[in-house]
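Have a look at the structure below before the remarks.
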Amino acid sequence: MHEPTVRVQRANRSQIRVMFDLAESVDRDLVRLEVGEPDFDTPDHVIEAAASAAREGATHYTSNAGLPECRRAISDAMASDYGVEHDIDEIVVTVGGMEALHLAVLATVGPGEELLYPGPSWPNYETQAFLAEGEPVEVPMPVEERYDLNADRLIEAMGPETGAVILTTPSNPTGRVFDPEPIRAVVEAAADYDTYVIADEVYAGLTYDREPRGVAALSGHPDHVLTVGSCSKTYAMTGWRLGWLAGDRSVIDEATKVRESTTACASSISQHAAIAALTGPQEPFEEMYEAFERRRDYVVDRLDAMDGVSAPRPEGAFYAFLDYDADAEALPFAKYLLKEHGVVLAPGSGFGEAGEGRLRLSFANSMDRLEAGLDRLAAGVSEY
Ligand code: PLP
């Protein structure tokens, strides 16, 4: 039998998925803090807009790049919310941020070239590199520096073999929002090597202590930045699968051409939903952000008061990345917490080498669930 290709075989199964499956298989009450999506449903005005668009005939293919009015809404939102300026011809509407990343990596990382990213990082970058037949390279950022972006360390790892560098800010899993200075330095180095920074900004609307600014807006070389955005996290729309890639025309044109053979276009109905989310009333989203901020503050206070656990203060997204005081690797420790204490966290080792010995807690959960989950975590750590 002909073997599946190496590029698909190299893709690893995510450890978050391992915990998810384990949680589904046990028969006990669990507090699930491992999942990375808002617990809020999509607001009604977005659902109504999508339903009426569908009733009025928006049930057909759109152009590969997406509806012009959807790209206009994205362009306006990027400019006003994050200071990133793009013409609608420099934007392709994608099936989630996931497809935008896939297209960006395919367009920039050639076979054998490296895809660099600071760790701990979202596990899918590694798979994206494998699918492009490139080499993923995690450059660890230590907890002692609160997982902040150390530009020197990342630039040292860059070279002529670098296809692209991914910067995720705010970060999944650490909740860190990178400072402007190191971002500028990394983009400058990418421009010197004539390569790209892929700015994964799917959490850009979720910053708590500072105004969100896009990587492209912070650097002197916006033409060397490809911005990935999404309605998933910021607008509670994970199931609509609606994201975008924005950047230099040469890359966007190629990405738009390639996607004709994979997804063809993002869902027409979801594009109408995105227009409503981006241009309609913002109050439901603001209430959601306020809820996330209150939960962030609650989680930080509880962790500060807990023996044997610590975490740098998350500045964005909805994750706290915990250090625990137990001599155990992250995956077996997460399994122990699930089986013995009924709380589910994502093992940090699923986020690369720099995540080993840590756990990711998602605070996209109600206060009641967070309270119960943190009680169980405290009991688990002290009893271990
Ligand atoms: N980037 C990061 C860092 C993520 O955490 C996720 C989802 O968890 C994505 C991209 C992709 O999200 P989506 O495809 O739902 O837009």
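The values are calculated or read from the model by the stated rules, or taken from the named source; none is laboratory data. Source: prediction; values computed, not measured. Backbone-built Cβ (ideal geometry, glycine too); neighbour counts: all protein chains shown. Calculation scope for accessible area: heavy atoms of the full protein, side chains included, ligands and nucleic acids excluded. Shrake-Rupley method; radii C 1.70, N 1.55, O 1.52, S 1.80 Å.
Scanning region 226-237 for residues that are in contact (Cβ under 8 Å) with a residue 60 or more places away in the chain and either buried (at least 23 other Cβ atoms within 10 Å of the Cβ) or among the hydrophobic types (A, V, I, L, M, F, W, C) (or both) returns 226, 227, 228, 229, 230, 233, 235, 236, 237. Can you find even one residue in region 124-143 that is at pLDDT below 95, away from the ligand (no atom under 16 Å from the Cβ) and either in contact with a strand residue (DSSP E or B) (Cβ under 9 Å, 6 or more places away or on another chain) or open to solvent by 20 Å² or more (accessible area, probe 1.4 Å) (or both)? So far as region 124-143 goes, yes, one or more of its residues are at pLDDT below 95, away from the ligand (no atom under 16 Å from the Cβ) and either in contact with a strand residue (DSSP E or B) (Cβ under 9 Å, 6 or more places away or on another chain) or open to solvent by 20 Å² or more (accessible area, probe 1.4 Å) (or both). Could you check, for region 160-181, whether at least one of its residues is closer than 23 Å to residue 321 by Cβ, open to solvent by 10 Å² or more (accessible area, probe 1.4 Å) and in a helix (DSSP H, G or I)? Yes: one or more hits. The numbered conditions (1) open to solvent by 20 Å² or more (accessible area, probe 1.4 Å); (2) within 14 Å of the ligand (Cβ to nearest atom); (3) at positive phi are all true for residue 240 except (3).
Residues in region 290-316 that are more than 21 Å from residue 372 (Cβ to Cβ) and crowded, with 16+ Cβ neighbours inside 10 Å were compared, and the one that is nearest to the chain's Cα centre (by Cα) is 316. Among the residues that make up region 367-377, is at least one of them closer than 25 Å to residue 139 by Cβ and modelled with pLDDT of 95 or more? No.
If you take the residues in region 243-255 that are open to solvent by less than 10 Å² (accessible area, probe 1.4 Å) and within 17 Å of the chain's Cα centre (by Cα), which one is nearest to the ligand (Cβ to nearest atom)? Checking each candidate, the answer is 243. Of the residues examined, residue 63 is one that is at negative phi and open to solvent by 40 Å² or more (accessible area, probe 1.4 Å).
Can you pull out every residue in region 9-38 that is of a type in the set (S, T, N, Q), more than 16 Å from the ligand (Cβ to nearest atom) and crowded, with 17+ Cβ neighbours inside 10 Å? Within region 9-38, no residue meets the criteria. Of the numbered criteria (1) crowded, with 16+ Cβ neighbours inside 10 Å; (2) closer than 26 Å to residue 208 by Cβ, the one residue 338 fails is (2).
Within region 256-274, is there a residue that is under 19 Å from residue 109 (Cα atoms), open to solvent by 30 Å² or more (accessible area, probe 1.4 Å) and either part of a helix (DSSP H, G or I) or of a type outside the set (Ser, Thr, Tyr) (or both)? Yes, region 256-274 contains a residue that is under 19 Å from residue 109 (Cα atoms), open to solvent by 30 Å² or more (accessible area, probe 1.4 Å) and either part of a helix (DSSP H, G or I) or of a type outside the set (Ser, Thr, Tyr) (or both). Checking each residue in region 317-330 for being open to solvent by 20 Å² or more (accessible area, probe 1.4 Å) and touching an Asp or Glu at 6+ places or on another chain (Cβ under 9 Å) picks out 325, 329. Of all residues in region 223-232, none are over 30 Å from residue 313 (Cα atoms) and either within 13 Å of the ligand (Cβ to nearest atom) or not in a helix (DSSP H, G or I) (or both).
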